[in-house]
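One structure is given below, encoded as structure tokens.
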Amino acid sequence: MSGAIVLLVLVAALLHASWNALVKAGPDKLLSTVLVACGGALPAALALPFLALPAPASWPWLIGSACCHLAYYRLLAAAYAHGDMSHAYPLMRGSAPLLVALVSAALVGEVLSVRQYGAIALICAGVLAMGLWRGPGSSPPSRRATLFALLNAAVIACYTLVDGIGARLSGAPVAYTLWLFALSALVLLVSMVGKRRALADYGRQYWRTGLLGGLVSMASYGLALWAMTAAPVAVIAALRETSILFAALIAGVFLRERLGVRRLCAVGLIAGGAVAMRFA
């Protein structure tokens with residue numbers, strides 16, 4: 001991969017960790033997640049009239065991805081409601097690229113080199129070690145948070161593959177991304193019809209956070225999707241998971257979560273995997 005693609009994916013990783021921190025910091029994780037989804041859908045809807053439609057072949061993938069994102073947002077909120085970001089985030093983001101790598105050869109026809117698989121393994125080992133380790137005297141991680149995070153890893157792997165294929169078939173990755181954000185927010189809002197009053201009240205108070213999170217989320221995923229059109233899906237999926245480096249910093253500095261020496265060593269594994277991916 002070129003250095004420019006690597007840099008763009010790393011920027012996407014930083015942005016992804018940032019909007020997750022906004023959700024985690026919110027008083028209601030589910031409502032914060034809905035606001036972030038809507039915050040990304042609003043500018044997407046404003047821009048769509050000026051863009052050509054994605055190719056018809058990509059629409060089944062687009063609709064499938066919107067359904068996957070409904071499960072993703074719900075599981076994300078549940079994981080953060082029951083556990084720390086420094087626990088749930090690594091499990092969600094660390095398990096997914098390994099699943100993507102295992103099935104992408106069959107579904108997308110991509111065959112990775114031994115060095116690429118080694119780099120993916122380093123990144124996955126680092127994020128999993130960071131998520132599962134707990135320091136002396138600390139309480140064990142929440143089982144519910146672990147379950148929701150691992151279930152979400154499977155969902156992330158699904159929509160990563162679906163969108164990797166859909167973006168390529170669309171012929172217009174930007175339009176595909178904007179349609180995805182608009183449809184995902186619509187599906188999520190429909191699922192929240194029973195809490196529309198609570199959502200309206202919450203939105204009046206935290207709409208700025210939702211809009212900021214939505215813009216950051218859209219920029220993050222748009223950069224990743226574009227990269228998937230120029231490099232193997234499994235490689236981009238793994239490199240994007242270096243967002244755990246940024247998530248660890250944000251969790252420690254802004255959310256006041258404790259990070260020990262062993263977890264920092266796990267960060268080193270992730271960084272090593274990112275470097276190995278660059279030269280694989």
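Per residue, the accessible area of the stretch 64-107 comes to 29 Å² when a 1.4 Å probe rolls over the protein heavy atoms.
Taking the chain as a Gaussian network of alpha-carbon nodes connected by springs under 10 Å, the highest mean-square fluctuation of the residues Leu51, Leu245, Leu42 belongs to Leu51. With contacts taken as Cα pairs under 8 Å and at least 6 residues apart, the chain reaches a relative contact order of 41 percent.
Pop out the carbon and sulfur fraction of the accessible area of the chain as a percent, whole number, probe 1.4 Å. Heavy-atom surface of the chain belonging to carbon and sulfur, 1.4 Å probe: 71 percent. For Met228, the solvent-accessible surface computed with a 1.4 Å probe is close to 0 Å², ligands and nucleic acids excluded.
Springs join every pair of Cα atoms under 10 Å in this Gaussian network model of the chain, and among Pro97, Pro54, Pro27 the largest mean-square fluctuation is at Pro27. Within the full protein context, the accessible area of Trp61 is estimated at about 90 Å² for a probe radius of 1.4 Å.
GNM on the chain, C-alpha springs below 10 Å: top fluctuator among Asp163, Asp201, Asp28? Largest GNM mean-square fluctuation: Asp201. Taking 0.36 nm per residue of separation and subtracting the Cα-Cα distance, full extension of the segment from Ser2 to Trp207 would add 70.0 nm. Assuming charge only on the beta carbon of Lys and Arg (+1) and of Asp and Glu (-1), the dipole of the chain about its Cα centre is about 640 debye to the nearest 20. Multiplying the residue separation of Arg262 and Leu102 by 0.36 nm and removing their Cα-Cα distance gives an extension gain of 54.8 nm. Could you tell me which of rounded, prolate or oblate describes the stretch 135-280, using a ≥ b ≥ c as the square roots of the eigenvalues of the alpha-carbon gyration tensor, with rounded for a/c under 1.5 and, failing that, prolate when a/b is larger than b/c and oblate otherwise? It is oblate, given that a/c is not under 1.5 and a/b is not larger than b/c.
The values are calculated or read from the model by the stated rules, or taken from the named source; none is laboratory data. Just so it is clear, the model here is predicted, and its values are computed rather than measured. Heads up, the Cβs are rebuilt from the backbone with ideal geometry, glycines too, and the neighbour counts pull from every protein chain shown. Areas reflect the complete protein model, heavy atoms only, side chains present, ligands, DNA and RNA absent. Shrake-Rupley method; radii C 1.70, N 1.55, O 1.52, S 1.80 Å.
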